[in-house]
Amino acid sequence: MKTRKATQVTLGPRTILIIDDDVDFVEATSVPLEKRGYHVVKAYDGREGLRLAKIAPPDLVIMDIMMGERTEGFFTVQEMRQTTELRSVPIFVVSSLYSRIEEFKVAPEREWLAHDEFFPKPVDTEKLLKSIDRRLSDDH
Amino acid sequence: MRESAGLEQIVVIDDDYAMRLSCLQALSKLGLHVETCEDGAKGLNSVARLKPDLVLVDLKMPGISGMEVISRIHEIDPIIVIIVITGYATIGTAVDAMKAGAYDFLPKPFKPDELRMIVGRSLQHRRLLLESRRLEMERELLKRRFITFVSHQLKTPLTAIHQYLDVLRNLGDTVEVRAKSNEWLDRCLKRTKEMREIVDDWLTLSRMEGGMLSRQRVKVDLKPIVLNVLKTYREMEEANDVTLVPQLPGDSCLVRGDHNCLSVLFDNLIANAIKYNKPGGQVTVSAEMGDGEVVIAVHDTGVGIPREHKDYLFDEFFRVRGQGHTATTGTGLGLPICKRIVRESGGTIEVESEVGVGSTFRVRLPAYNAQDTNENQKGDPGDFGAEDDIDH
Ligand SMILES: Nc1ncnc2c1ncn2[C@@H]1O[C@H](COP(=O)(O)OP(=O)(O)O)[C@@H](O)[C@H]1O
Ligand SMILES: [Mg+2]
């Protein structure tokens with residue numbers, strides 16, 4: 001993809017957008033990401049997240065599926081997938097509603113929740129960092 | 001299946017044709033739906049199909065015995081009321097049947113009036129059973145929903161705390177951590193407090209469910225209660241920006257109630273008035289004696305409550321979303337607790353509010369009256385037999 005190539009050439013920091021209405025999660029997660037050298041953009045609801053993503057497409061999105069409105073995250077994912085510039089941005093979904101991945105039965109092929117990875121909350125920081133590193137280096 | 005709601009159903013199981021016929025005639029006069037069967041097997045079929053309110057069972061029948069029929073009926077539904085018909089009215093068989101779960105017995109021969117009398121009484125009993133089952137189910141449902149909801153509510157702060165700890169551990173002793181750790185520990189403490197509040201509210205609510213707090217009603221003066229709550233909040237930093245103003249009458253405000261409950265009530269109302277206030281705002285608690293009642297108003301100059309939310313304020317877990325509300329933490333259990341306390345104390349609570357201007361929660365409690373030393377206990381429905389309207 002054209003934009004990706006461009007970032008690769010300039011080698012600027014990769015941008016990660018965190019969308020969660022829980023300020024504490026956003027705060028606690030952004031620090032280790034920044035330390036790792038990522039540029040972190042924060043949004044506290046789905047609409048704001050979408051707005052920011054459209055202005056400057058991030059390299060990866062971390063988002064809670066259940067925010068203020070119970071279905072907010074679901075719709076945000078859906079809408080991102082329908083937006084050309086955001087279609088291929090990896091989305092990592094987090095949720096404290098489900099603690100095991102088997103319980104999280106939303107078939108990605110049904111395009112209802114086309115997320116790339118799922119992390120139960122509280123998120124294992126180390127695992128999350130590894131997954132993000134891996135995902136973002138795939139492009140190189 | 002019920003043909004129409006309210007029509008009570010009776011199954012008569014007796015091998016004697018004449019007996020079935022006279023039961024049918026006598027009971028149809030009461031406007032009851034009656035089905036008759038000539039043996040236990042057919043009778044049990046009808047019972048399983050109709051789920052009747054009452055079954056009359058002859059104890060001495062060919063085929064399945066009457067005693068067996070009784071226990072099988074209660075396997076189908078334990079609150080179907082059973083009356084046994086005993087051919088030879090030996091007390092012994094009747095007692096055995098009652099032990100096996102029958103509610104009453106009818107010795108043969110009997111007059112239609114006697115039958116109607118016993119059936120009427122038994123149906124009264126059935127209605128009470130139905131009512132208590134309904135309440136039981138309601139409680140059960142609420143409890144189950146409650147547990148799920150409270151668990152989720154606890155999980156949110158717990159997750160946040162865990163997240164901070166995980167990151168602190170993950171980053172180890174680094175510049176970033178040193179810069180953040182105090183702030184993060186404060187956040188953790190704040191969220192721990194949130195969890196404690198949830199548990200406290202939960203305990204208060206469940207303690208009241210058991211009726212423990214509200215049963216004793218004694219002479220209570222509301223004045224020191226209100227003043228004490230105000231004092232507590234004045235000492236807390238949360239109330240720094242809000243002025244707390246008591247407007248209480250010179251003499252005491254006596255009501256009949258439970259001291260602890262009434263403290264919880266005003267604590268919740270005043271806490272809300274502070275929490276949903278604006279910087280520099282005011283909370284006024286006024287009390288006045290009305291006609292046989294004490295009216296206490298907790299008034300604030302806060303964010304107010306949108307009209308469309310007013311009906312839900314007293315529902316468990318309800319919290320208003322929107323300006324001035326979502327920034328605060330809360331359990332959504334405070335007002336439901338208030339409502340219950342007020343109701344148990346024989347009073348009412350109402351709210352007036354205007355968005356951006358403020359809210360007033362007004363509580364009316366029956367004033368203490370030295371004369372009525374015995375509080376009016378509700379009559380005990382104990383004796384079901386007292387009703388005599390079966391001849392209608
Ligand atoms: N004095 C008040 N002014 C404005 N809103 C209020 C007031 N009291 C209660 N509310 C609203 O009603 C909701 C329910 O109150 P409550 O049951 O005490 O729960 P909590 O305070 O834990 O949220 C609150 O979340 C708030 O939105
Ligand atoms: Mg409250």
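Observations
- Residue that is surrounded by the fewest Cβ atoms within 10 Å (Cβ to Cβ) [pool: residues in segment B:108-122 that are without any contact (Cβ under 8 Å) to a residue 24 or more places away in the chain and among the charged types (D, E, K, R)]: B:Lys111
- For segment B:249-273, filtered to residues that are within 11 Å of ligand 1 (Cβ to nearest atom) and small (Gly, Ala, Ser), the residue that is surrounded by the fewest Cβ atoms within 10 Å (Cβ to Cβ) is B:Ala271.
- Tally of residues being at the interface with chain A (Cβ under 8 Å from one of its Cβ atoms), touching a Ser or Thr at 6+ places or on another chain (Cβ under 7 Å) and more than 21 Å from B:Thr329 (Cβ to Cβ) across segment B:154-183: 3
- Residue match in segment B:137-145 (condition: free of Cβ contacts under 8 Å to residues at least 60 places away in the same chain, open to solvent by 70 Å² or more (accessible area, probe 1.4 Å) and within 13 Å of another protein chain (Cβ to nearest Cβ)): no
- B:Trp202, sole failed condition from (1) away from ligand 2 (no atom under 14 Å from the Cβ); (2) modelled with pLDDT under 85; (3) not hydroxyl-bearing (Ser, Thr, Tyr): (1)
- Here segment B:356-392 is the region considered, the condition is being at pLDDT 95 or above and more than 27 Å from the chain's Cα centre (by Cα), and the residue that is farthest from ligand 2 (Cβ to nearest atom) is B:Val357.
- Every test in (1) farther than 24 Å from B:Gly31 by Cβ; (2) of a type outside the set (D, E, K, R); (3) surrounded by fewer than 20 Cβ atoms within 10 Å (Cβ to Cβ) is passed by B:Leu59 save one, and that test is (3).
- Failed condition for B:Ile91, given (1) surrounded by 14 or more Cβ atoms within 10 Å (Cβ to Cβ); (2) under 17 Å from B:Asp104 (Cα atoms); (3) hydrophobic (A, V, I, L, M, F, W, C): (1)
- Answer from B:Arg126, B:Arg191 - the residue that is away from every other protein chain (no Cβ under 14 Å) and either touching a Leu at 6+ places or on another chain (Cβ under 7 Å) or over 30 Å from B:Ile85 (Cβ atoms) (or both): B:Arg126
- Filtered residue count, segment B:301-316, keeping only those that are near ligand 1 (Cβ under 8 Å from one of its atoms) and open to solvent by 10 Å² or more (accessible area, probe 1.4 Å): 5
- Residue in segment B:227-245 that is away from ligand 1 (no atom under 16 Å from the Cβ), open to solvent by 40 Å² or more (accessible area, probe 1.4 Å) and hydroxyl-bearing (Ser, Thr, Tyr) present: yes
- So B:Asp201, is it facing chain A (nearest Cβ under 9 Å) and surrounded by 13 or more Cβ atoms within 10 Å (Cβ to Cβ): no
- The single condition among (1) within 16 Å of ligand 2 (Cβ to nearest atom); (2) modelled with pLDDT of 85 or more that B:Lys223 does not satisfy is (1).
- Residue that is modelled with the lowest pLDDT, among those in segment A:117-139 that are open to solvent by less than 60 Å² (accessible area, probe 1.4 Å) and under 13 Å from A:Val89 (Cβ atoms): A:Glu117
- The test for being under 29 Å from the mean Cα position of the chain (by Cα) and not in a strand (DSSP E or B) does not hold for B:Val303.
- Qualifying residue in segment B:251-272 (condition: away from every other protein chain (no Cβ under 14 Å), away from ligand 2 (no atom under 16 Å from the Cβ) and free of Cβ contacts under 8 Å to residues at least 24 places away in the same chain): yes
Yes/no per residue for (1) under 22 Å from B:Asn170 (Cα atoms); (2) modelled with pLDDT of 95 or more; (3) under 15 Å from the mean Cα position of the chain (by Cα); (4) buried (at least 17 other Cβ atoms within 10 Å of the Cβ):
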| position | (1), (2), (3), (4) |
| --- | --- |
| A:Gln8 | no, no, no, no |
| A:Gly12 | no, no, no, no |
| A:Thr15 | yes, yes, yes, yes |
| A:Asp21 | no, no, yes, yes |
| A:Asp24 | yes, no, no, yes |
| A:Arg36 | yes, no, no, no |
| A:Val41 | yes, yes, yes, yes |
| A:Glu48 | no, no, yes, no |
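The values are calculated or read from the model by the stated rules, or taken from the named source; none is laboratory data. These figures come from a predicted structure and were not determined experimentally. So basically every Cβ, Gly included, is an ideal-geometry build from the backbone, and we count neighbours across all protein chains shown. For the accessible areas, the whole protein counts, side chains as well, though only heavy atoms, and no ligand, DNA or RNA atoms are used. Shrake-Rupley method; radii C 1.70, N 1.55, O 1.52, S 1.80 Å.
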